[in-house]
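What follows is a single structure, written as structure tokens, with notes after it.
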Amino acid sequence: MTNPILGIQTVRRGQITDHCLRTRYRAVHRNVYVANDVELTAELRARAAWLFAGPNAVLAGMSAAAVHGTKWLDPNSPAEVVRANRHGPAGIIVRSYALDADEVCERQGMRVTTAARTAFDIGRSLPLPRAVPILDALLNATRLEVADVLSLADRRRGARGVRAWRALAELVDGGAESPRESRVRLLLTAAGLPRPETQIEFRDSRGDVVIRVDMGWRQWKVAVEYDGVQHWSDGRQRSWDIERIAMLEALGWSVIRVSAEMLRRPDVILERVRAKLRDAGCPV
């Protein structure tokens, strides 16, 4: 079994033996087990917490984000549930805030906060540099619009952290396809540069997308690309990168490539981006 199980109930139903449970499974919470060979992801940790908390509990925060399909979540972070009983074991954060009926939905047979409510709670509870990449990934997974979360915030004006959410709403962008892309975008905007557009598409004469860049400014034809490890280790990817940049340059675009190592030298990135924008006529 891949999903977590309730140990006692599974043994009683005869699906596994008590010996099998003790030797081939490990406990995540009291009476909640996963197979020894199963890697505990953020989504599986959320499911284990929901089994422990009971069917009336609602997965929230990072756990709800995981169930909604958000990528790159830390599998070691505690699960989060909303329920009346505030007591919970190590590894589960129990919330007791009130949820309206339209802030709860069902996913994979579990009760979870809606994507909008999930984004609202994450944005108001985490520091901005940590919240934005997670919210970017949540919006990317669910196609949620920032306007939907702001509408919910209007209804929750007295809630803790509403002002913090409004401040970061201007920074969130579901177009980001990795946390490091989010980090690059935050670096650019924090330095006072115009907010870049994400996932800019270039189409051929038939209307098919042939090139997509991580972020950039159409007005000045400047693009910024974050190159993950596959851009350096995959020969085909590397060859396509060379061809793609040549195509962009032929269209009059300048491309600044950013690596993980360069993120440790943000001043270099900013200097290069500013120079290209200035050359293109941007008043920076």
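When only Cα pairs under 8 Å and 6 or more residues apart are kept, what is the percent relative contact order across the chain?
Values: 424 pairs, mean separation 29.3, N = 284.
10 percent.
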Compute the projected area of the convex hull of the Cα atoms of segment 152-201, averaged over all viewing directions, and report it in nm² to one decimal place. 4.5
Placed amide H near R95: partners under 5 Å, 5+ positions off or other chain: V81, V82, R83
Pop a pseudo-label 7 angstrom from the Cα along the beta-carbon direction at both D208 and M247 and give the gap in nm to one decimal. 1.0
Hey, if you drop one equal point scatterer on each alpha-carbon of segment 1-117 and run the Debye formula without solvent, what base-10 log of I(q)/I(0) do you get at q = 0.14 Å⁻¹? -0.56
Can you compute log10 of I(q)/I(0) for segment 88-220 with the Debye formula, treating each Cα as one identical point scatterer, at q = 0.10 Å⁻¹? -0.40
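Per-residue counts of other Cβ atoms within 10 Å, averaged by peptide: what ranking do you get for 113-119, 55-61, highest first? List each step's numbers first, then the result.
Working: 113-119: 26.0, 55-61: 20.6.
By packing density, highest mean first, the sequence is 113-119, 55-61.
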Using amide H atoms built 1.01 Å from N in the peptide plane, name the residues 5+ places from V222, or on other chains, whose amide H lies under 5 Å from its own. W217, S254
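State the percentage of accessible surface on the chain attributable to carbon and sulfur atoms; use a 1.4 Å probe and exclude ligands, DNA and RNA. Don't skip to the answer; put the middle values down first.
Details: 7160 of 14800 Å².
On the chain, the fraction of accessible area on carbon and sulfur atoms equals 48 percent.
Give the percent of DSSP beta bridges with both residues in the chain that are antiparallel, rounded to the nearest 5. If you can, show how the numbers build up before the last one.
Numbers: 21 of 31 bridges.
Restricted to the chain, the bridges split so that about 70 percent are antiparallel.
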Which entry is the computed semi-axes √(5λ) of the Cα gyration tensor in Å for this structure: (1) 42, 24, 16; (2) 35, 25, 17; (3) 38, 23, 17? (1)
Pair T2, A280: separation of 7 Å Cα→Cβ label points (nm): 4.2
Put a dot 7 Å past each Cα toward the Cβ at A27 and L99; how far apart are the dots in nm? 2.7
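The values are calculated or read from the model by the stated rules, or taken from the named source; none is laboratory data. Everything numeric in this text was worked out from a predicted model, so none of it was measured. We place every Cβ from the backbone using ideal geometry, glycine too, and count neighbours over all the protein chains shown. Surface areas here come from the heavy atoms of the whole protein model, side chains and all, with no ligands, DNA or RNA. Shrake-Rupley method; radii C 1.70, N 1.55, O 1.52, S 1.80 Å.
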